[in-house]
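Worksheet for the structure shown next.
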Amino acid sequence: MKKQANRILLLNILNIIFTIVFSLAIVAIIMYVCISLKQTFVAVLALLPILSIVSLIVFYLISYKKEKMGITNLLLFMCSLNIFSLLVSFKLITEKQTLDMLKKDKEIDKAIVEKTNLMASWEIELEKEKLNKKLSKLKVEDSPKRLTKKEVQQKNEERKREIYKSYSKFVYGNILINNSNEKNTFKLITLTVEFLKSAEYLEKYLKQTKLINELKAFNWNKEEIKEILNQNDIDQIITTFKENRKDF
C-alpha cells in the first residue's frame with residue numbers, strides 16, 4: 001500500500017511538472033514569434049497555458065476527489081492541448097481507485113481479525129480444523145485421476161459454494177465497515193442480502209489484488225470466478241452466506 005501511495009505522489013508531481021513545462025513552452029513560442037517574426041496574432045495562444053492551469057485546478061478540486069473525469073474537466077484538458085497532463089490525470093484516477101481498494105481490503109481483514117479475537121481459543125482451533133478439512137477435500141489432487149460424471153458435478157458444486165462463500169464474506173465485511181455503529185444483527189444481514197442482490201460489490205470483489213492468492217488452493221482464476229458469479233444464482237449465494245455467516 002505504501003508503494004501505491006508513492007506511485008500516486010510521483011504521478012502528482014509529474015502532472016504539475018508537465019503543466020508547467022507545457023505552459024512555459026507556449027509562452028516561449030509566443031515571445032519568439034512576436035519578437036523575431038513580428039507576428040502579434042500568435043498572442044492568442046496565451047489561452048492555452050491559462051486553460052491548462054485551469055484544467056489542472058478543476059481536476060484536483062473535483063475529478064481527483066470523485067475519482068472520475070467529468071466531461072467539463074475533459075474538455076478543458078483537450079482545449080488546452082495539454083495531452084500529457086490529461087493522460088497522467090487518467091492514470092492518477094486509476095491508481096487512486098486501486099489504493100482505495102487496498103485500504104478497504106485492509107479494513108475488512110482488520111474487522112474480521114477483531115471478530116476472531118472475541119472467540120475462545122478452542123473455537124479458533126475448531127475453525128482451523130474445519131478449514132483444513134475443506135482444503136484437503138477440495139484441493140485438486142497432484143496425481144492424475146479419472147473422475148466419474150457424478151464426481152465432477154459434485155466437485156463443481158463444491159467449488160461454486162466456496163466462491164459464493166468468499167464473495168459473500170467480502171460483501172459482509174464491507175457492510176460491517178460501512179455500518180460500524182449498527183448493532184442489530186438482523187439489519188446487517190438484511191443489508192448484506194440487498195447488496196448481494198444488487199451485485200454492487202461484485203466488480204470490487206473481482207479487482208481484489210489478493211483474490212487469487214486467497215483461492216489458489218482450488219486452482220481458480222478470475223475469469224472462472226467471474227463466470228460463476230455472473231450466472232446470477234443469487235438464491236444459492238444468499239443461502240451460502242446465511243449458512244456461513246457465523247464463520248465470518
Failed condition for LEU131, given (1) within 25 Å of the chain's Cα centre (by Cα); (2) modelled with pLDDT under 90; (3) hydrophobic (A, V, I, L, M, F, W, C): (1)
Pair list, Cβ under 6 Å, 6 or more apart: segment 94-110 residue under 16 Å from ASN6 (Cβ atoms), other residue modelled with pLDDT under 80 and open to solvent by 40 Å² or more (accessible area, probe 1.4 Å): LEU102/MET1
Verdict on SER23 being exposed (fewer than 12 other Cβ atoms within 10 Å of the Cβ) and over 30 Å from LYS103 (Cα atoms): no
The one condition in (1) within 30 Å of the chain's Cα centre (by Cα); (2) over 17 Å from ILE93 (Cα atoms); (3) at pLDDT below 90 that TYR64 fails to fulfil: (2)
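Considering only segment 25-50, how many residues are among the hydrophobic types (A, V, I, L, M, F, W, C) and under 37 Å from the mean Cα position of the chain (by Cα)?
Going through segment 25-50, the residues among the hydrophobic types (A, V, I, L, M, F, W, C) turn out to be 25-31, 33-35, 37, 41-48, 50.
Still in the list and also under 37 Å from the mean Cα position of the chain (by Cα): 48, 50.
So the count comes out to 2.
Restricting attention to segment 33-46, does a residue exist that is surrounded by 19 or more Cβ atoms within 10 Å (Cβ to Cβ) and touching a Ser or Thr at 6+ places or on another chain (Cβ under 7 Å)? Lay out the reasoning, then the answer.
Initial filter on segment 33-46 (surrounded by 19 or more Cβ atoms within 10 Å (Cβ to Cβ)): none.
No, the conditions are met nowhere in segment 33-46.
The values are calculated or read from the model by the stated rules, or taken from the named source; none is laboratory data. None of these values were measured; they are calculated from a predicted model. No Cβ is skipped: glycine too gets one built from the backbone with ideal geometry, and neighbour counts run over all protein chains shown. Note: accessible area is taken over every heavy atom of the protein model, side chains too, but ligands, DNA and RNA are not part of it. Shrake-Rupley method; radii C 1.70, N 1.55, O 1.52, S 1.80 Å.
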